[in-house]
Amino acid sequence: FVRNSKFVDNGSQSGGGAISLNAVKHSIFNNVEFLSNRVNSNDSQNSAQGGAVVIFNQFEDELTNTFFINCIFENNGIINEANQGSAHGGVFYINSGSRVAIVQSEFTNNFIQVQGGSSSFANAALAAYYGSANVQSWNDVAPLLSIRQSFIANNTILTDGGSNALLIDTNVPLDFVNNLVVNNRDENSKSYSLFQQGANKDQGGASAVSNYINNTIYANQGGQLLFAAFGEDENINITNNIIWSNNGGQNESSDFYKANSVTMYVNNNILEPTVQGDFTSIDNILEDPKLRNPNNGDFRLQGNSPGIDAGADIGEIFDIRGYYRVGDPDIGAFESGASKYILAIQDDIVGDKDTTFVTRNDTLEFTVTTNDINGNIVDSNENVQWSIFPSAKYVNLISSDPTTSGGSATARFKVSQQARSKGFRFRIEAEIGDAIMRSEMYVIEELVTGAPPPVPVLSISPNEWTAEPNFTLSWTIPNWSEGRDLLGAIVEINDGVNFYDEFIGFPENNPLKAYAFTVPEPGAFDASIRLMDEYGNEDRDSSKTVQALFDNIPPESFRLNGPNSYPNQNGEIETNWVSDVPRFEWQNFGDYPSGIKAWILYVNNSEFGTYYENDIDFVEQDAAIEDTSKRFEDGTYEWHLVAIDQANNATFSDTAFFGVDLNPPLIVHNNPLTSVDEGSTTPSINVQVSDGGSGVSDVYLNYRRSGSNSGFVTVQLWNDGEITPSSIPGNDIRSEGVEYFIEAFDQLGNRSEWPYDYNGNDVQSVVARTQDNVTTASYWTAGIPTGTDTSAYQLFSIPFKTNKGLNAVTEVLGPPDEFKYRLYSYNNGFEEFTEFNSIDIGLGKSYFFIWDKEKYPDVLQLNFDFGKGESTPTSPPFEIPAAVGEWKFFGNPYNFPVDWIDVRGQNDVPIIDGGSVYTWSNFGGWVSPGQSLEPWKGYIYKSATDPDIYVDGTGNIFGKRLAKSKTPDLQSITMDANEWMINILASTGRSRDESNTVGVLNMANDGYDQFDEFEPPVVPGNISVAIDNRNRDEVPDLFSTDMRRANEDGHYWDLEVLAPTNGQKTYLTFEGIGYVPDEYDVFIINKTNKQAQNLKWESIYRFANSGSKSYLKQDLRLVVGTKEFVQENNAGISLYPDAFVLSQNYPNPFNPQTSIMISLEEDARVDMVIYSLLGEEVVRLASNEFRPAGYYNFIWNGLNASGLKVSTGVYLYHATVRDKSGRIVLNKTKKMVYLK
């Protein structure tokens, strides 16, 4: 029996630093302190054991019993410095045949230190129990180890090797109940688990049972697991525990492990959501237990903790303090609202009534008792303070016991004999220790009902969270119709756990209006008040409530998670490099009771920012802020946080360090590839890459075939911290060439590339030397088409660099001969290849070519062979000079299509938006250029503002295409009612010009704008219609498209028509007349021959291609508008006749055709007949045709009704016109002369 003793600084070389017990049948240690006892060993063969106590039993057939009650174990430990040394049980080492019970004891700062290399072993800083495997029956002896109501904190293991368990390793049944286990740690995280269990079946085959009940296990670190159980058919019950915030480091977890034969029940615990394990889970809670202030040692439950009343009732009566658990048990070691005793109070009045009446002048006796859970009186000897509630106005204390000596105390009270005491209510209160026991309510002789009304106004000062516990309630007194005196007020203070009330007596005729009080501990307390009249009447429902908010506890201590620099294996500091917007992360254990108001971030000791809850990202018990409104420069920084709670209490974090790296790696590539043979593997591509900040992470070679406009093939060049050169395989080298670039990343993802903005290069373009000759057969597989009219012209270009040029033409077709073939270039006018004028055939240019196969009977298929070629570099873009206001004939320098968005002018605008672009069609003349710039085809370009052409062969590389301000497609615009377009189609023979449009749009301008297109040059022998705007101020020129802004009156367009004098007719077709508003007239006026035609009646205008020159020029005007507008802009030609007139034909004489005009004053029917001088009908041009009022041309081409040419001579033309009523209004004949 050892009592009230200390064991300090004792030592041993093998085991039991303070005490060794062997076969001691009964041992009791009560109120004993074990301080700084040691086992110091240098033995690699034998394990060091029990830093404070070793318990053996050499006679295992007779069980020993050892009890430790109210003992303190502090700073005991084992140090084994031997190579491959081992140690077990930093406090206890227990062997077979011993039953050990530990109750209401403390274990702090005990340790095991074994640093004898990786083969060393340190196990169980608290207790190691290794019992015999030959137990007859566990039911007779279990549990062999019991630890209850104990505090276990800050015990450690430090080892280079392994460890089974950080705290307890046992192979016997264990009861571990009502303990607080906090902040124990394995410094090197070598422990397999916090607790390890391994009890096998007894000899009778019964399973061992261990229980972990109502423990709070918090913030322990260093174990791979929390529980591990290996016993054969072992049963483990884990019930009503708080297991939170443990094993948060790398390779650590709070998981549970059991062998296959183990049964593990885990029920009614509070666990972290990440806990895993093969166990039976019942009614566990996966949320914060809401402990009051664990970082400052207060592990009681907050009033809103999910653990209150959430435990399973398994018969545990007491909590860790020895207080009675009341009602449904709470989870964890501390019971909320627990009581040290079960108190009872009893009066000496016979009978038990709802309302107990006493008479005046009575003497009453009250007895209080301190009881256990079963109602038995317990000897407590607590101080007792007796009082009368609400006041001693009509009841007085006569005598009382000052303590509960023997478990009870008695007091006697005297009731007043005053008459006005009748109706007074009171009760007796006894304050016993830190608890209060109240009697039921008593009434003197009769009931007087009616309670005072509530106070009108109630306030509290201070009315916010404060670090001081002192508060003042203030109120106003109500008007009360009963007119009774106010005896006082009842003030109740309640935070859900702590409750106390106090009666405040008022002086006579002077009710109090304020009350100062102090709350007992931090928390949010409801402070309520209600008034009491002179008879003790009061109504709880009349209470008014405010809150007293007291918090003098700073926020929980916390550490910074990152960014933070760290030492490497060599002890050198490795800077934690981050981006210019770091994500600051830290532990967040919150604050009790007020909660954290703000976090203040300091960088280099200067305030960086203050952040509130809505600014923060929360993940479980961590918090983070990423302030994108502020950016860091390159450099190194230190930072810390200050957490401020609602009462302005502050907690400072530790300090962390980081660096900001904004610079990408440096790439040096001194010998880039420039050319390669088609189909050949390239030489090795080698680079040097370095990064002065966070370090190189990856380096890649990216390549693709030129013109593929698709993704790159990526090859890793960075392997094991160095460059591995690579080549581009030959099967990826085609005639178009290849593109490549190098990209490098640092550890933060900063990216650099080579080449980057060097002379405009986005990639390194490698040209390919072709295997085969460059020939036009690549484009014209059946040979170059042949013919002799304009439809046979070919507009072509060459997409390779070659040395042959013009020789490729002459070696097949011979020297220039305009009767055999014709070849044109264009330089502000057509330049023909002749004997005296050579032309240059090269990249980026286009040429007109026509040939007559009949002149080359030996040429079955015509193709030009330009010899071996070389692809064009795609980067930088290929430049084609082009002057403002002049047509440029150009071609694709690449042997693949290029999207028009990648063909730009000097102003970096796509040329199809910045000017006019056409290509040649054998069927339609100049036409739209299509979707892309095609190889071998020819194109023309003209711009009023944007010179030069840049063809970017790299295409959509890195998503770098600029936003295209696309000119709307006129043909796809949805038009309003006042908008319209007229397409003008010209044709004669096989010649076409189908690219002319006029009209009005609300978004257009009357001058030059984005909708206007220039008229392309006239191809020799082809027809051309141009809108003649050469007289306007801005961009005077000929146009093919001219859109004007819509107005109410109308618009006119002057047209210039050039038609070859081929003896045929020219047809001008005006499409879209039907969309012109009905109130508008539409006329085509021929200013050359002074004729006009109403296009609303006939939308095709014809004239004969007659004349002595190779081209016939006709100046026309298209006028669209109101009748008044049309008359004002009629070019001097009457459009609305004032008489019926037959005009002289034009030309006259004529060959091959002539025009005959007739003027109609009104709508009429017309007959137009050609006669010979003999009066014979030759041909009828109109037969009773209806025509509206206006001027009309009739064309006669010298053919009779059979389609045969007539003879030279004089002919008559006769017109008969009848008005609507059938009356002849014109009947006239004129002569004309036909010449052959």
*Starting from the Cα of Thr472, step 7 Å along the direction of its Cβ; do the same at Ala516; then give the gap between the two resulting points in nm.*
0.7
*Give me the distance between the Cα centres of the stretch 716-771 and the stretch 43-80, rounded to whole Å.*
71
*Could you pull the Rg and Dmax for the stretch 1038-1169, using just the Cα atoms, both in Å?*
15.5, 45
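Taking a quarter of the surface of the convex hull around the Cα atoms of the stretch 349-444, what do you get in nm²? Walk me through the numbers on the way to the answer.
Details: hull surface 25.7 nm².
For the stretch 349-444, averaging the hull's shadow over all directions gives 6.4 nm².
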*Using only the Cα atoms, work out Rg/Rh for the stretch 666-756, with Rh taken as the Kirkwood radius, to two decimals.*
0.99
*So if we plug the beta-carbon distance of Asn154 and Ser481 into 1/(1 + (r/R0)^6) with R0 = 45 Å, what FRET efficiency do we get, rounded to 0.05?*
0.10
_Expected output is a single nm value to one decimal: the length gained when fully extending between Lys414 and Arg583, i.e. 0.36 nm times separation in residues minus the C-alpha distance. What is it?_
53.5 nm
*asked:* Can you compute the radius of gyration and Dmax for the stretch 408-547, using only the Cα atoms, both in Å?
replied: 16.4, 50
*Taking the Cβ-Cβ separation of Asp434 and Ser118 as r and a Förster radius of 60 Å, what is the calculated FRET efficiency to the nearest 0.05?*
0.65
*asked:* Please list, by residue number, every one of the trypsin sites (Lys or Arg not before Pro) in the stretch 995-1052 that is coil in DSSP and has at most 14 other beta-carbon atoms within 10 Å.
replied: Arg1030, Arg1032
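Using only the Cα atoms of the stretch 49-171, construct the convex hull and provide its projected area averaged over every direction, in square nanometres to one decimal.
That works out to 7.3 nm².
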*asked:* For the chain, compute the orientation-averaged projected area of the C-alpha convex hull (one quarter of its surface), in nm².
replied: 85.0
*If r is the Cβ-Cβ distance from Ala777 to Gln716 and R0 is 35 Å, what FRET efficiency results, to the nearest 0.05?*
0.25
*Please identify every one of the trypsin sites (Lys or Arg not before Pro) in the stretch 312-410 that sits in a loop by DSSP and has no more than 11 other beta carbons within 10 Å of its own beta carbon.*
Lys353
_Cα principal axis extents for the stretch 775-911, largest first, Å_ = 49, 32, 26
*Please work out, to two decimal places, the log10 of the ratio I(q)/I(0) at q = 0.12, 0.20 Å⁻¹ from a Debye calculation in which every Cα of the stretch 1137-1236 carries one identical scatterer.*
-0.37, -0.94
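If you build the Cα gyration tensor of the stretch 164-285 and take the root of 5 times each eigenvalue, what three semi-axes come out, in whole angstrom, biggest first? Let's see the in-between values first.
On the way: eigenvalues 97, 51, 33 Å².
For the stretch 164-285, the ellipsoid semi-axes come out as 22, 16, 13 Å.
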*Apply the Karplus parameterisation 6.51 cos²θ - 1.76 cosθ + 1.60, with θ equal to phi minus 60°, to every residue of the stretch 925-933 and state each ³J(HN,Hα) to the nearest whole Hz, in sequence, with x for glycine and proline.*
x, 6, 9, 4, x, x, 7, 8, 7
*Pop out the Kirkwood hydrodynamic radius of the stretch 968-1135 from its pairwise C-alpha distances, inverse of mean 1/r, in Å to one decimal.*
16.2
*asked:* Expected output is a single nm value to one decimal: the length gained when fully extending between Asp1167 and Asn670, i.e. 0.36 nm times separation in residues minus the C-alpha distance. What is it?
replied: 170.1 nm
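Show that you can apply the helix-only estimate: for the chain, add -39,500 (n - 2.57) for every DSSP H stretch of four or more residues, divide by all residues, and state [θ] at 222 nm to the nearest 500. Intermediate results must be reported in sequence, preceding the final value.
Working: 4 runs with 21 residues, N = 1236.
Calculated mean residue ellipticity at 222 nm is -500 deg cm²/dmol.
Expected output is a single nm value to one decimal: the length gained when fully extending between Asn568 and Gln1127, i.e. 0.36 nm times separation in residues minus the C-alpha distance. What is it? Present the calculation step by step, with values, prior to reporting the outcome.
Numbers: separation 559, 0.36 × 559 = 201.24 nm, distance 9.51 nm.
Stretched out fully, the Asn568 to Gln1127 stretch lengthens by 191.7 nm.
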*Put +1 on the Cβ of each Lys and Arg and -1 on the Cβ of each Asp and Glu in the stretch 298-381; which of Val378, Ile320, Ala310 then has its Cα farthest toward the positive end of the dipole?*
Ile320
*Mind pulling the per residue volume of the convex hull built on the Cα atoms of the stretch 999-1060? Å³ is fine.*
83
*If amide H atoms are built 1.01 Å from N in the plane of the peptide, which residues on other chains or at least 5 residues away come under 5 Å of the amide H of Ala333?*
Thr216, Ile242
_DSSP-defined beta bridges in the chain - what % are antiparallel, rounded to 5_ = 65
*Can you flag which of Lys1123/Lys1236; Lys340/Lys513; Lys888/Lys1123; Lys942/Lys1236; Lys845/Lys1113; Lys1065/Lys1231 are past 32 Å Cα-Cα?*
Lys1123/Lys1236; Lys340/Lys513; Lys888/Lys1123; Lys942/Lys1236
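How about the stretch 767-866: which chymotrypsin sites (Phe, Trp or Tyr not before Pro) there are in a DSSP loop, with at most 14 other Cβ atoms within 10 Å of their Cβ?
On the way: sites: Tyr779, Trp780, Tyr793, Phe796, Phe800, Phe819, Tyr821, Tyr824, Tyr826, Phe830, Phe833, Phe836, Tyr847, Phe848, Phe849, Trp851, Phe864, Phe866; in loops: Tyr779, Trp780, Tyr793, Phe800, Phe819, Phe833, Phe836, Phe864.
Answer in residue order: Phe819, Phe836.
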*Find, to one decimal place in angstroms, the Kirkwood hydrodynamic radius of the stretch 683-841, where the mean of 1/r is taken over every pair of different Cα atoms and then inverted.*
20.1
_Test item: Cα-centred dipole of the chain, Lys/Arg +1 and Asp/Glu -1 on Cβ, debye_ = 4840
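Here, each number is a calculation from the coordinates, and none is a lab measurement. What you see is a predicted model, and the numbers here were worked out from it, not measured in a lab. With ideal geometry, Cβ positions are generated from the backbone for all residues, glycine too; neighbour counts draw on all protein chains shown.
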